[in-house]
Amino acid sequence: PKLHRFMLAASKYQHVPILDFPVKDAESIAEVLSTQTGAFYDQGIVKQIYDENLTRASVEEAIDQWRKELVDARSDDLLVVFIAGHGLAFENKYYFVPVSTKGPEELPSTGIGWDLLAKLADIGCKKLVLLDTCHSGNILPLPDTQVENWKRAIRPLKQTEMMIVTATDAGQEALEVAALGHGVFTRAILDGLAGAADEQKDRDIFLQEVTQWVEAEVPRRTRDLQLQTPRSYPAELMNAVSVPLVSLR
């Protein structure tokens with residue numbers, strides 16, 4: 001089987017606070033997935049869209065390309081979609097915010113919504129979305145925005161049988177911590193893939209192990225700062241499907 005990577009990250013925001021680590025987060029996850037997955041996967045297609053190149057149009061074009069290029073994908077192939085930057089739910093819909101977006105009123109036309117990402121659902125391989133944002137913006141929300149319930153916003157994507165691991169629960173912010181050099185969520189994933197999540201002690205690390213590690217470790221690391229509770233969806237799919245990620249052998 002093949003492992004495909006679709007990395008989306010935005011740091012250099014023009015109208016809301018700049019973020020320090022999203023591009024670094026994406027590049028670090030991409031490196032692990034390119035160097036430590038050989039026991040399970042051959043390397044497949046890689047698409048990376050960062051900062052000023054990341055627009056609704058560029059992501060839509062990339063998704064259309066994915067659907068064409070993976071039309072013959074095998075069921076045991078894996079497409080990993082990693083997203084890091086500002087995000088929020090506006091009018092009951094979740095959006096990943098490009099760097100040029102001026103305010104929430106622009107999100108329906110400029111934001112990367114779940115309706116767009118859900119177009120990946122008909123690709124015939126496993127699909128894993130790792131989402132290092134919070135619905136109100138990564139540390140500070142876009143101004144004058146009424147925050148809606150995130151669970152309600154992501155429900156359409158849950159129904160597509162795409163596996164999702166999020167940095168926060170509804171109503172929470174996702175922290176960046178300078179001492180970690182990453183977003184807390186991404187740092188926990190990287191540590192888990194480096195061996196901390198190896199619950200079976202067999203040097204092979206599966207998605208279920210990483211998810212359990214991250215859901216326990218992120219609240220521990222942020223407990224003196226704020227409540228941050230990663231979640232994985234949909235539970236019935238996450239528990240039923242075996243997804244190998246890296247081997248440390």
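Computed over protein heavy atoms with a 1.4 Å probe, the carbon and sulfur contribution to the accessible area of region 199-249 reaches 49%. Going by accessible surface with a 1.4 Å probe and the largest first, Trp114, Trp213 read Trp213, Trp114.
The helix-only estimate of mean residue ellipticity at 222 nm for the chain, built from DSSP H runs of length n ≥ 4 each weighted as -39500 (n - 2.57), is -8500 deg cm²/dmol after division by the residue total.
Excluding ligands, DNA and RNA, the accessible surface per residue across region 33-143 is 39 Å² with a 1.4 Å probe. Put a dot 7 Å past the Cα of Ala235, heading toward its Cβ, do the same for Ala179, and the two dots end up 3.3 nm apart. In nanometres, what is the gap between the two model label sites at Asp204 and Glu91, each 7 Å from Cα along Cα-to-Cβ? Result for the modelled spin labels: 4.8 nm. Extension gain for the segment Lys119 to Ser58, taken as residue separation times 0.36 nm less the Cα-Cα distance, is 20.5 nm to one decimal. Quick one: if the Förster radius is 30 Å, what FRET efficiency do Asp224 and Arg249 give, using the C-beta to C-beta distance and rounding to 0.05? Here the calculated transfer efficiency is 0.25.
Measure off, as a whole percent, the carbon and sulfur share of the 1.4 Å-probe accessible area of region 1-124, all protein chains present. Of the solvent-accessible surface of region 1-124, carbon and sulfur hold 45 percent. If you plug the beta carbon distance of Arg67 and Ser109 into 1/(1 + (r/R0)^6) with R0 = 30 Å, you get a FRET efficiency near 0.85. Of the options Leu54, Ala240, Gly111, report the single residue whose Cα projects farthest towards the positive end of the charge dipole of the chain (beta-carbon charges: Lys, Arg +1; Asp, Glu -1). After comparing all options, I get Ala240. Charging the Cβ of each Asp and Glu at -1 and of each Lys and Arg at +1, and nothing else, the dipole of the chain about its Cα centre rounds to 200 debye.
Using a 1.4 Å probe and counting only protein heavy atoms, arrange Arg5, Arg203, Arg187 so the residue with the most accessible area comes first.
Arg203, Arg187, Arg5
The values are calculated or read from the model by the stated rules, or taken from the named source; none is laboratory data. Quick caveat, the model's predicted, so the values are computed rather than measured. Quick reminder, even Gly has a Cβ in these numbers, built from the backbone with ideal geometry, and neighbours come from all protein chains shown. Calculation scope for accessible area: heavy atoms of the full protein, side chains included, ligands and nucleic acids excluded. Shrake-Rupley method; radii C 1.70, N 1.55, O 1.52, S 1.80 Å.
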